[in-house]
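Structure first, commentary second.
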Amino acid sequence: VVQNLSQTPVLRELLKEAKMPDTTVKINSPELSMEQQLIKLDQPGPLTLALYQFLTEMQETKKGVVTPKELFAQVCKKAIRFKGYQQQDSHEFLRYLLDGLKAEE
């Protein structure tokens, strides 16, 4: 799931902009032919920052192996069921990750 998210340029760019406090983000939707939307973001939350840092590390690292320790810790704070390292479905992880990001916006 995280590898797929890391290959989503729009998400990476939004996270890059959102990591700065009190940022205004422009969202264009050419598919829906809607007008450009401006959204003012407050201070980014810890899950947003952890996702940004991890995706950046995945893109920039030369060592080949990166661990999502901080990102996983932040998801576990939002979804207790992930503590204990039991087997979980990737779609559940994605749902809790996106729900957590939405709650922080």
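The values are calculated or read from the model by the stated rules, or taken from the named source; none is laboratory data. The structure presented is a predicted model; accordingly, all values stated were derived computationally and were not measured. Don't worry about glycine lacking a Cβ; one is built from the backbone with ideal geometry, like all the others, and counts go over all protein chains shown. All accessible areas refer to the heavy atoms of the entire protein, side chains included, with ligands and DNA or RNA removed. Shrake-Rupley method; radii C 1.70, N 1.55, O 1.52, S 1.80 Å.
Quick look at the values:
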| read-out | value |
| --- | --- |
| Accessible area per residue, Å², region 64-104 with all protein chains present, probe 1.4 Å | 72 |
| Rounded FRET efficiency, nearest 0.05, which uses the C-beta distance separating E13 from S90 and R0 of 30 Å | 0.80 |
| Förster radius 25 Å - calculated FRET efficiency between A103 and V66, Cβ distance, rounded to 0.05 | 0.50 |
